[in-house]
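Below is one structure, written out as C-alpha cells; comments come after it.
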Amino acid sequence: MKKIWILLVLVSVLSVQNLFAQDKIKVITFNIRSFEPDFDVAPYAELLRSEEADIICLNEVENRSSRQQRDGKFRDVVAELAQKLNMFEIFGYSYNLANKRGEYPEENYRYSLNELYGNAILSRYPILNSNCLQLPRPKGSADQRGVVYADILLPTKKMFRIASTHLDHMGGQLEQAEVLVSDKVYTSSIPMILTGDMNQGPGSSVINKIETAFERMDNDNGTYLGLSKIDFIFGSKGKWTFESCRVLDRFFNGKELSDHCPVVSVVKMK
C-alpha cells in the first residue's frame, strides 16, 4: 500500500511538472528565401525537426508558384513542410507574384489559388483562429507586405497569439510597424508573440515603435548573412519570461538554406 501511495505522489508531481512545461514555448523565426534554389523542403524539415519547436514562423514564403511545380503540378510547400514536421499550418497572403509591382487592382487576384507570396506559421498545437492583413505600402516601398497571426491553444487550455511578418526592405517600415502594435494585430487579452524579418536593427525607430507594446525575446547576434540583426522575436510586455535564444547557422549539411539565419527562442508564459 505504501509503494502505491508513493507511486501516486510521483505521478502527481510529474503531471504538475508537465503542465508547467507546456507553458514554455520554443519559437523559431526563419526567412527561408522561398526555398530557393531547388524548392526542396526536405533539408528545411530536417533542420527544423531537430529543434523540436512548438512554433515555426516563416518569411519570404512563395507558395503554389509556377517555378515550384513538379510534374506540371502546383505545390503547397507550406503544407508539405508541415506534414513532414507533423504540425498545423497557416499561410498568410501578402501579394500575388503576377502582381509583384502592384500595377493592377488587388481585387483581380482575390480568388487566385496560385502564385502566392507571404508568411506562414506552423504550430505543434491547434490553431483556433487566424487572420492575415496586408500592411501599408507608402511611396518608397518595394513590395506589398503582410502579417499573419493565429491564436494557439496549449494543452493547459491557455491561449496565446503568434504573429509572423516581413517588413519592407526599402521604406515604409514605420507605417507597417504602427499596424503591428494596433488592435488590428495586437491583443492585450491573451499573451502574444511577434516574429519576423523587420529589415531594421535594434535601436531603430521601427524597433522602438514595436517595443511600445512588446519586449525583446531574443539576442543581438547577427541574422542576415550572420552579420546584421534584422530578424526578431518579441513578446507582449509583462506576459512572458525570456529563457534563452540561439541563432542557428544558415547552412545545413553543407547546403545554404537562406541568406538569413534561423532564430530560436524559448519563452515561458507568466
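Nothing in this text is a laboratory measurement; each read-out follows from the coordinates by a stated rule. Not measured: the values here are computed from a predicted model.
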Point to revise | Value of D in µm² per second that Stokes-Einstein yields for region 30-75, Kirkwood Rh from Cα pairs, at 25 °C (0.890 mPa s) | key: 211 µm²/s
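Ratio of region 143-270's C-alpha Rg to 2.2 N^0.38 Å, to two decimals?
On the way: Rg = 14.6 Å, N = 128, 2.2 N^0.38 = 13.9 Å.
Region 143-270 yields a ratio of 1.05.
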Exercise for review: Return the tail of the calculated pair distribution for the chain, meaning the percent of Cα-Cα pairs more than 31 Å apart.
Suggested key: 25 percent
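Just the ratio, please: alpha-carbon radius of gyration of region 50-103 over 2.2 N^0.38 Å, N its number of residues.
Working: Rg = 13.2 Å, N = 54, 2.2 N^0.38 = 10.0 Å.
Ratio of Rg to 2.2 N^0.38 Å for region 50-103: 1.32.
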Point to revise | Dmax and Rg, reported as Rg then Dmax, of region 89-212 (C-alpha, Å) | key: 15.0, 47
Point to revise | Fluctuation leader among N108, N129, N63 - the chain, Gaussian network, Cα springs under 10 angstrom | key: N108
Practice item. Can you check what the Kirkwood hydrodynamic radius comes to for region 134-178, Cα pairs only, in Å to one decimal? Key: 11.9 Å
Check your understanding: Build a GNM of the chain with springs between Cα atoms under 10 Å: which of A82, A98, A150 gets the top mean-square fluctuation?
Key -> A98
Practice item. Among F91, F251, F214, determine the one that fluctuates most according to a GNM of the chain built with springs between C-alpha atoms less than 10 Å apart. Key: F251
